[in-house]
Each structure stands twice: as C-alpha cells, then as structure tokens.
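Below is one structure. I have some questions about it.
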Amino acid sequence: MIFQKSAVIPSSDKTLPGRTASMPVAKQHYVNGAPLKPPFPEDAEQAVFGLGCFWGAERCFWELDGVLTTAVGYAGGSTPNPTYQEVCSGMTGHTEAVLVIFDPRRISYAQLLKVFFESHDPTQGMRQSNDIGTQYRSAIYTGNEEQIDMARDTATRYQEALRNAGFAEITTEFAPAGRFFYAEDYHQQYLAKNPGGYCGLDGTGVRCAWPASNAP
C-alpha cells in the first residue's frame with residue numbers, strides 16, 4: 001500500500017500549497033566555493049536532472065571538469081518552495097533534482113547526459129533501488145529545444161544498449177524545466193559534509209555512447 005500510494009504523481013489541484021518564502025541556503029558551494037545561486041556567468045549553461053536520492057546524484061556532477069557549481073532541490077512538481085518532508089510525502093509532485101551549471105566550452109551537455117544515464121538505473125519507474133517514491137523518479141528537465149532533442153536521442157540509443165543487456169524500457173521523464181526550488185541547506189553537497197553518508201545510486205553497468213558530433 002505504501003508503494004501504491006507513493007507511485008502516483010498527484011494532479012496540481014491536489015498538491016500541497018507550499019509557501020512563498022524560498023529555502024535559505026549558503027552563498028557558496030561547500031566543495032569549490034562557487035556561488036550556489038544566480039547570477040551565474042553569462043556564458044554558462046544549466047541542466048537539471050533527477051536520478052534518485054540527490055545526495056549521491058549531486059556528487060556525480062560536482063566532480064566533473066567544466067561544471068562550475070551544483071545544487072540540490074526539487075523540480076517537476078507543483079508545490080512552491082516545498083520542504084523535504086513535503087516532497088517525501090508524495091504530495092508535491094516534485095522529484096529530488098540536481099541543478100548543474102556548466103561551461104559548455106569545457107564540458108558538453110552530451111557528456112552530462114552520459115553521466116546521468118550511467119549513474120543510475122533509468123528503467124525503475126518511481127524508485128531507485130530501495131528508495132521508493134515519486135521523488136526518486138528518473139527525470140531530465142530541459143532548458144531549450146537543443147537539450148530536449150539531445151536528451152531524447154541519447155535515451156533512444158541508450159535504450160537499445162539496455163535492451164541488449166536485458167534491461168526493461170526507460171521510464172525517464174522528459175519535460176521543460178520549470179522553476180527549480182532549492183532544498184534545505186543541510187542537503188547541499190551533503191556527501192562532502194558527511195563523507196560516510198548514504199548514497200543509494202547504482203548504475204546498470206551499461207555504457208552510454210554519444211554520436212561522434214557530440215563526443216568530447
């Protein structure tokens with residue numbers, strides 16, 4: 001019954017009301033000292049991914065050369081400025097997400113997609129391993145047509161590789177990026193602050209290739 005309840009994203013008229021005040025967070029990234037909130041460099045681009053518990057997901061990206069800053073938060077739902085407890089209730093529609101601000105001259109969106117797909121199992125629906133609930137669903141929230149086209153193309157090619165390896169169909173949600181709501185400050189760069197902390201991410205072991213035109 002718990003899984004059944006948490007496996008359904010509520011319609012916007014049934015989500016929690018939230019609040020107008022945004023979550024206070026530190027000004028600087030705990031790992032690299034970069035700004036955690038805008039303004040970001042004019043030539044920077046952003047990506048938003050959901051791939052399970054955002055503690056381990058964020059670390060996957062802040063370690064990449066060319067990523068300027070990262071933050072964890074909530075995306076894809078309807079409740080404004082939700083709390084972690086509200087998101088875990090399944091009544092906000094949000095997934096745990098990672099905001100990635102990157103320099104496209106040093107790392108491409110295609111490379112970020114490769115890390116995204118290889119770092120989790122995108123075939124599990126409303127869960128990642130033992131983490132069950134709508135907030136753990138796989139998701140890509142895109143900022144422009146180029147990103148959505150590249151994300152869908154990468155998923156199509158990765159689906160073939162997964163199928164050949166015996167995995168099921170990809171369940172990743174694709175949607176235009178709405179507002180990203182920052183999570184509580186203690187969640188930001190959590191595994192850097194707590195090196196022994198929980199990380200439930202577990203990829204499939206299947207390699208995600210990219211077209212030659214997008215190769216680094």
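Where a number appears in this text, it was derived from the coordinates with a stated rule and is not lab data. All figures in this text were calculated on a predicted structure; none of them were measured in a lab. Cβ: placed from backbone, ideal geometry, glycine included. Neighbour counts: every protein chain shown.
For the range 89-103, how many residues are in contact with a helix residue (DSSP H, G or I) (Cβ under 6 Å, 6 or more places away or on another chain) and not charged (D, E, K, R)?
6
Could you tell me whether any residue of the range 166-187 is under 24 Å from Q85 (Cβ atoms), surrounded by fewer than 16 Cβ atoms within 10 Å (Cβ to Cβ) and touching a Leu at 6+ places or on another chain (Cβ under 7 Å)?
No.
Provide a single number: the residues in the range 155-205 that are of a type in the set (F, W, Y), under 27 Å from E145 (Cα atoms) and not in a loop (DSSP other than H, G, I, E, B).
Final tally of qualifying residues: 4.
For the range 46-73, give me each residue that is among the small types (G, A, S) and free of Cβ contacts under 8 Å to residues at least 40 places away in the same chain.
None; the set is empty.
Taking the condition of being more than 30 Å from D43 (Cα to Cα) and crowded, with 24+ Cβ neighbours inside 10 Å, how many residues in the range 83-120 meet it?
Of the residues in the range 83-120, 2 are more than 30 Å from D43 (Cα to Cα) and crowded, with 24+ Cβ neighbours inside 10 Å.
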